[in-house]
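J.: Below: one structure in C-alpha cells.
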Amino acid sequence: MKFISDSPPDPQRLALEQQIETLRRDVWQLQLEHDLLKKANELLKKGLGVNLPLLSNREKTLLVDALRETYALVDLFAELGLARSSYFYHRAQLLGADKYAQARLAITEVFKRNHSCYGYRRLRASLGRQQLCLSEKVVQRLMRQEGLIVVTPRRRRYGSYLGEISPAPENLINRDFQASAPNEKWLTDITEFQIPAGKVYLSPMIDCFDGLVVSWTIGTRPDAVLVNTMLDAAIETVANGNDRPVVHSVSPTGV
C-alpha cells in the first residue's frame, strides 16, 4: 500500500535546486562564449580578444556553421547578434561559387608582396595592371574579408624637452683622450636605449687611463638629476683628495 504525502516541498531544497540550475546555465553560457572565441581564432584569425558582435555577418555565418552541430541555431544567433535571414543569405553565398576567388588570391599576393603597405586604392590600381578590374568597394570588402590590414607606423610622440641647458665649459682635453695616470681624465655622455617598456638613459663615467667605468646611473629622463647622481658617485671613488680629474662631456646637460 502506497502513501502519498501532501506536505509542501522543502523551501531550502527548492532554493538549492534553483541555484544549481542557475550555475548550469552560467557554465553553459561561458562554454558557448569560449567555443565562439576559439572558432573565431581558428577560422578568422581574430584572436581570443575579439568582440564577437562587431564581426561582419559573413564572419558570424562561418562561426554558426562551425558550431551548429553543438549548439542550437537560436542560441548562436542570440550570442552573435545575427539575424536569421542574414545567416541564411550569407550561407547561400558561401555555399555558391565564389566569383571573386581569383581576385582574393591576387589581392592577397599583391598585399603581402608589398609588405602589407598597400591600401585599397593602390591594390585596385595594381590589379588593373593585371587586367583584373574591380570597384573600390569590392576591393575594400575583399580586403576586410581576407583580414588584410595595412600596417601603419606608430607615430612618435613629440617631446619639446631639450634638457637643462647651461653654458658650455672650455674644452680642456681638445680630443686628447690619453691619460698617464688614473683619475686624470674622465669621459662621460648620455646614451639612449629603446626597450619594450620605453626609453631609458645611461650616464656613465669612464677613466681615460684604463677605460674602466668609474660610476654610472640609469634613468627614464636625460636630465641633471641623472648626471649629478652619477657625478656624486664618481667623486666618492676618488681616494686621494689631491686628484682633480678633468671631466669631458658632450651631453646636453653641459657637464
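No lab work stands behind these numbers, since they all come straight from the coordinates. As the structure is a prediction and not an experimental result, all values here were calculated from the model. So basically every Cβ, Gly included, is an ideal-geometry build from the backbone, and we count neighbours across all protein chains shown.
J.: Which residue pairs have Cβ atoms under 7 Å apart, sit 6 or more places apart or on different chains, and have a first residue in segment 204-218 that is touching a residue at least 24 places away in the same chain (Cβ under 8 Å) and under 13 Å from ALA181 (Cα atoms) and a second that is surrounded by 20 or more Cβ atoms within 10 Å (Cβ to Cβ) and among the polar types (S, T, N, Q)?
T.: So the pair list comes out as ASP207/ASN183.
J.: Something else: So which residues in segment 87-114 are small (Gly, Ala, Ser) and touching a residue at least 24 places away in the same chain (Cβ under 8 Å)? Please lay out each step first, then the result.
T.: Residues of segment 87-114 small (Gly, Ala, Ser): 92, 96-97, 101, 103, 106.
Across segment 87-114, the qualifying residues are ALA103, ALA106.
J.: Additional query: So, in segment 179-218, of the ones that are small (Gly, Ala, Ser) and on the phi > 0 side of the Ramachandran plot, which residue ends up surrounded by the most Cβ atoms within 10 Å (Cβ to Cβ)?
T.: Taking segment 179-218 first, the residues small (Gly, Ala, Ser) are 179-181, 197-198, 203, 211, 215.
After this cut, where a residue has to be on the phi > 0 side of the Ramachandran plot as well, the list is 198, 211.
Working: GLY198: 8, GLY211: 10.
Applying the filter and picking the extreme gives GLY211.
J.: Mind telling me which of the residues LEU80, LEU134, LEU62 ends up being more than 30 Å from LEU32 (Cα to Cα) and out of contact with any Asp or Glu (no Cβ under 7 Å at 6 or more places or on another chain)? Write out each step before concluding.
T.: Working: LEU80 fails: more than 30 Å from LEU32 (Cα to Cα); LEU62 fails: more than 30 Å from LEU32 (Cα to Cα).
Testing whether each residue is more than 30 Å from LEU32 (Cα to Cα) and out of contact with any Asp or Glu (no Cβ under 7 Å at 6 or more places or on another chain) leaves just LEU134.
J.: Determine which member of the set LEU67, LEU37, LEU44 is closer than 30 Å to VAL138 by Cβ and touching a residue at least 40 places away in the same chain (Cβ under 8 Å).
T.: Working: LEU67 fails: touching a residue at least 40 places away in the same chain (Cβ under 8 Å); LEU37 fails: touching a residue at least 40 places away in the same chain (Cβ under 8 Å).
Only one candidate qualifies: LEU44.
J.: Residues being within 25 Å of PRO153 (Cβ to Cβ) and free of Cβ contacts under 8 Å to residues at least 12 places away in the same chain: count how many of those fall in segment 115-138.
T.: 2
J.: If you check every pair at least six apart or on different chains, which have Cβ atoms under 8 Å apart with a residue in segment 170-181 that is closer than 13 Å to VAL247 by Cβ first and a residue that is surrounded by 10 or more Cβ atoms within 10 Å (Cβ to Cβ) and of a type in the set (Lys, Arg) second?
T.: Once the first residue is closer than 13 Å to VAL247 by Cβ and sits in segment 170-181, its partners that are surrounded by 10 or more Cβ atoms within 10 Å (Cβ to Cβ) and of a type in the set (Lys, Arg) give ILE173/LYS185; PHE177/LYS185; ALA179/LYS185.
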